[in-house]
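Working notes, structure below.
Just so it is clear, none of the values below were taken in a lab; they were calculated from the coordinates. Note that the coordinates shown come from a computational prediction; the quantities given were computed from them, not determined experimentally. As a convention, Cβ positions derive from the backbone with ideal geometry for all residues, glycine included, and neighbour counts pool all protein chains shown.
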Amino acid sequence: MLYENHETNRLFESAANESRNRNNAYVENSRPTPGIPSITLFVRMAGKLKEHRTRFYCDLFRTAVLFWPASFGKTVVVLDEESVEDHAYGNNLTSQIKQHFPDRKLEVAFESLPKDASVLKFKGAQKSPGYNRQLWSSFFIDLYTDDHIIAWMDNDVAFVAPVTNATIFKGSKIRILGSECSIFFA
């Protein structure tokens, strides 16, 4: 037995209780303040790309379940309407979240290509049409939620600290915080 004597067992139980108390305090402090609206966590990605799915699961969602309280609101994932693979991924994602994270609210939506494809692929474009599509989509984020506050994330974002009311709001006013942390190698 790992904890052989009573003193060691008592210390282990004390540490476990302290951990539970901290977790409970975090949950209490992470609940939205009355009068503060829900927040949509918004992601636009191409589910047909394995790299995007991997980034979503391994970077964004894995850290969101640790640091983004489910009580803040729903997560909206917008995928490509014309992609059969995106529809299959959307169904799979919905099923997985319901099964493994029943406290999380997830909505999957599908967006059609723009009527004028030249907004995605044009002479002198420095980025791919897929990247440009994600930027084009950013003009329509508010069509996918009724929430007044939308936290727009890339699928490769990783939360590094708990998100609480105090990190988002100062009283009833919203703080706009974000950072870009790129590492460039020579």
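Some observations on this one:
- Partners for Lys48 among lysines (Cα-Cα distance below 23 Å; same-chain residues under 8 apart left out): Lys74, Lys98, Lys105, Lys115, Lys121, Lys127
- Filtered GluC sites (Glu not before Pro), segment 73-147: DSSP coil and at most 15 other beta carbons within 10 Å: Glu81, Glu82
- Cα centroid separation, segment 43-95 to segment 105-181 (Å): 13 Å
- Listed residue (Val119, Thr63, Asn91) projecting farthest to the positive dipole end of segment 34-174, Cβ model: Thr63
- Across segment 34-174, C-alpha contacts under 8 Å between residues 6 or more apart give a mean separation that, scaled by the residue count, equals a relative contact order of 41 percent.
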